[in-house]
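All remarks here apply to the structure that follows.
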Amino acid sequence: MIQLFKRIFNRADRTVKDCMDQDPQISQPQLTWCHDTTMPIVDWKVAHEEAKQYKDKDAAALGSYWRSAALTWLKALRMHLGDHYSIEQSQSFAVFSSLKDRQLQLAVEFCERSRHRILRALRGVASAWGNGPHVVLVFDNMDDYYNYVGNYYPASGEFAMSSGMFIQRGYGHFVFVLSEIAVMEPIIAHELTHCLIAPLAIPAWLNEGTAVNMERQIVPLYRDPRRGIFSHREDEQKRAEFWNVNTIQQFWSGKSFIRPDEGCSLSYDLATELTRLIARDYDKYCAYMNSANRTDAGSAAALPALGFTLGDLASAVLGEGQWEPDPASWQEGTERGQFQQSDTERRESGIGEATTNSLKPMCH
């Protein structure tokens, strides 16, 4: 495993500057590029400063700036990876991929349709925030995928494998590995949900639980052959064996979602069940989503918005126990969610201004 990560995260020999010098049009608009990256990545902090000149103009001017910046970035990626990649634009998306004809059309249509469904289903929760198109990067293989996302990881550590994620760094964007459309759809739905609820201060468990439940709503269970690995009885047994007074605090803080063992998948499982129970009363769920804060796992907001504590909620799934969040014990801080694993694997700025603790910032 160590050798695998060394291979996929090693810096490429071909530098971004080499790529940029080949196409003088890349400088339109003028963008600053990050150094020491394996693929072209814009210094989005500089781009944000540049965008301030459009702040006092109309929304169309600001949107035009971010669209131009996004497309310039994608053109740089195309120069770096090859002409077999194309950039397909729709009303809300810019898709960078080697998909052809019907496959490309289906992918773009699914993105647009899913966005509409999520905004409608999560009324009062999800929002069409930010400016510019939703950027979707679909890499041909795992090597290119990890070669790209490796730019956002810390220099060392253990990381869960994935085939899709939503990266919130400067200009939020989706990254996937090329596969059959039916395989990509649940990952797209999951990550798109993360994007549309990104402005909320919700804890990781609520973030992931909402994304998984929306994923299942958009892509029904029977369409995903990777589900149903364990029986209901086996699921309950695994929960009983794993969750205790210590691991539940990892869950509430969000740290259990980045465990390299089965604690990761069990965290998604528990988050999905807890969120499903809350969402039965949508008005209360909506109020909770807009008031919960990751600093205490949403504990303070639970009783006023839901009428019960998080300990009570966890007991409904895990049985009686000491399940209440204890923020004072979270020595390693909290995670916001939007991790690198979907359920199937388990404003004024450009889209995606917030940050994710498990990913490093770019350039600065």
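Out of the range 31-56, which residues are part of a helix (DSSP H, G or I) and either of a type in the set (Gly, Ala, Ser) or crowded, with 22+ Cβ neighbours inside 10 Å (or both)? Steps first, answer last, please.
Going residue by residue through the range 31-56, those that are part of a helix (DSSP H, G or I) are 44-54.
Within the range 31-56, TRP44, ALA47, ALA51 meet the criteria.
Please verify whether the range 293-300 includes one or more residues that are closer than 16 Å to VAL125 by Cβ and assigned to a helix (DSSP H, G or I).
Initial filter on the range 293-300 (closer than 16 Å to VAL125 by Cβ): 293-294, 298.
Okay, now just the ones that are also assigned to a helix (DSSP H, G or I), so 294.
Yes, that holds for at least one residue.
Within the range 273-299, residues that are at positive phi reach partners that are assigned to a loop (DSSP other than H, G, I, E, B) and buried (at least 20 other Cβ atoms within 10 Å of the Cβ) with beta carbons closer than 7 Å, at six or more positions or on different chains, in the pairs ALA297/PRO203; ALA297/PRO325; GLY298/ILE202; GLY298/PRO203; GLY298/ALA292.
Scanning the range 316-335 for residues that are more than 15 Å from TRP205 (Cβ to Cβ) and in a helix (DSSP H, G or I) yields ALA328, SER329.
What residue, of ALA287, ALA279, ALA292, is touching a Gly at 6+ places or on another chain (Cβ under 6 Å), closer than 20 Å to MET214 by Cα and modelled with pLDDT of 95 or more?
Numbers: ALA287 fails: touching a Gly at 6+ places or on another chain (Cβ under 6 Å); ALA279 fails: touching a Gly at 6+ places or on another chain (Cβ under 6 Å).
It is ALA292.
Go over the candidates SER86, SER98 one by one and state the one that is of a type outside the set (A, V, I, L, M), in contact with a His (Cβ under 7 Å, 6 or more places away or on another chain) and in the same structural domain as ALA182 (by TED's automatic domain parsing).
Matching residue, one of SER86, SER98: SER98.
Considering the range 86-176, the qualifying strands (runs of 3 or more DSSP E), each wholly inside and each with 2 or more residues that are over 15 Å from the mean Cα position of the chain (by Cα), surrounded by 15 or more Cβ atoms within 10 Å (Cβ to Cβ) and at pLDDT 90 or above, run over 86-89, 93-97. Out of curiosity, is MET184 within 24 Å of GLY132 (Cβ to Cβ) and either out of contact with any strand residue (DSSP E or B) (no Cβ under 8 Å at 6 or more places or on another chain) or at pLDDT 95 or above (or both)? So MET184 fails the test. Considering (1) assigned to a helix (DSSP H, G or I); (2) under 21 Å from ARG120 (Cβ atoms); (3) not charged (D, E, K, R), the lone condition that TRP205 does not fulfil carries the number (2).
The values are calculated or read from the model by the stated rules, or taken from the named source; none is laboratory data. Since the model is a prediction, treat every value here as computed from it, not as a measurement. Virtual Cβ from ideal backbone geometry, glycine too; neighbours counted across all protein chains shown.
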